[in-house]
1. What residue, of Leu33, Leu21, Leu58, Leu28, is free of Cβ contacts under 8 Å to residues at least 40 places away in the same chain and part of a helix (DSSP H, G or I)?
2. Need the failing condition index for Gln38 against (1) touching a Lys or Arg at 6+ places or on another chain (Cβ under 8 Å); (2) under 21 Å from Gly123 (Cα atoms), just the number.
3. Kindly establish whether Pro148 is modelled with pLDDT of 65 or more and surrounded by fewer than 13 Cβ atoms within 10 Å (Cβ to Cβ).
4. Quick test of your reading of the structure: Asp57 fulfils all but one of (1) more than 16 Å from Ala25 (Cα to Cα); (2) open to solvent by less than 70 Å² (accessible area, probe 1.4 Å); (3) touching a helix residue (DSSP H, G or I) at 6+ places or on another chain (Cβ under 7 Å). Name the failing condition by number.
5. How many of the residues in the stretch 25-48 are open to solvent by 30 Å² or more (accessible area, probe 1.4 Å) and under 23 Å from Leu119 (Cα atoms)?
6. Applying the selection to the stretch 89-102, what residues are assigned to a helix (DSSP H, G or I), open to solvent by 30 Å² or more (accessible area, probe 1.4 Å) and either over 15 Å from Ala121 (Cα atoms) or in contact (Cβ under 8 Å) with a residue 12 or more places away in the chain (or both)?
7. Please specify each residue of the stretch 212-233 satisfying the condition of being over 15 Å from Leu190 (Cα atoms) and of a type in the set (S, T, N, Q).
8. What's the number of the condition Thr76 fails, among (1) hydroxyl-bearing (Ser, Thr, Tyr); (2) more than 16 Å from Phe122 (Cα to Cα); (3) outside any helix (DSSP H, G or I)?
Amino acid sequence: MTKPQAERTAILVAGAVITILTIGAFWLSYAHLATVAQSHGMANSPERRWAWPGTIDLFILAGEVLMFRAALRRITDWWAVGLTVAGSLGSISLNVAGVGVGAPVLDYIVAAVPPSAALLAFGALMRQVHTLVLDQPQHTEPTPAAEPVTVEREAAPQPVEVPALEPQPEAAPVPEPKPMSAGPVVPPALLDHAQRIADTHRTTTGAPIDTETLRARLGLPPALAEAITAQLA
């Protein structure tokens, strides 16, 4: 037997012993609570006497089952924990209180042992269940191997023969136009002054002013006087 097998066997045996201990302690606690119910108003109804402890101890059983389910799912169910703790504390308290006042100390201990043992035994049982669940390997689905992908290469394009172009006759050179000589530039102020002189001359003589008269009045070169005369209205 290998070490893991021996550990698993030990856990299973311990779980079986703890389960028997839990059942025995639960039965002793249940029976004592039935006796307490008989002594406090339920002596004439055996059915009610034996049903009454279930209102306490069955909370323990429900909590234990829910905690077992939570252990299998690897989660913590706090509702289950609360039910188990509430039922266990209630069972212990009522078992001890049912002994009565003024009884020997050992009587209280005897009454408290079964519910306490049930609580501790079930805690040990849940620990073993957690150990078994955590030791099991997780089964994961194998990832399918990727199929090889073949890439087809396209054939290299065939070279296309381009026919030789026939030489085109050279075009005759276009003669560049000769730049036109620009006339003298007339300043706007000078043109306005010449316009006033021309207007006065027209008013006085009734004829437009000529180039020579304008050149004599302004003292301008002939070319500039011609350019101004051409621009006068």
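The values are calculated or read from the model by the stated rules, or taken from the named source; none is laboratory data. Computed from a predicted structure; not experimentally measured. Neighbour counts are summed over all protein chains in view; Cβ atoms, including those assigned to glycine, are modelled from backbone coordinates with ideal geometry. When the accessible area is computed, the model is the full protein with side chains, heavy atoms only, and any ligands, DNA or RNA have been set aside. Shrake-Rupley method; radii C 1.70, N 1.55, O 1.52, S 1.80 Å.
1. Leu58
2. With respect to (1) touching a Lys or Arg at 6+ places or on another chain (Cβ under 8 Å); (2) under 21 Å from Gly123 (Cα atoms), Gln38 is out only on (2).
3. Criteria not met by Pro148.
4. (1)
5. So the first thing to find is which residues in the stretch 25-48 are open to solvent by 30 Å² or more (accessible area, probe 1.4 Å), and the list is 26-28, 30, 32, 35, 38-44, 46-48.
Going one step further and asking which of them are under 23 Å from Leu119 (Cα atoms), we end up with 26-28, 30, 32, 35.
Counting residues in the stretch 25-48 that are open to solvent by 30 Å² or more (accessible area, probe 1.4 Å) and under 23 Å from Leu119 (Cα atoms) gives 6.
6. Looking only at the stretch 89-102, we keep the residues that are assigned to a helix (DSSP H, G or I), and these are 89-97.
Applying the additional criterion that residues be open to solvent by 30 Å² or more (accessible area, probe 1.4 Å) yields 89, 92-94, 96-97.
Ile92, Ser93, Leu94, Val96, Ala97, listed by residue number.
7. Residue satisfying the conditions is Thr213 alone.
8. For Thr76, the failing item is (2).
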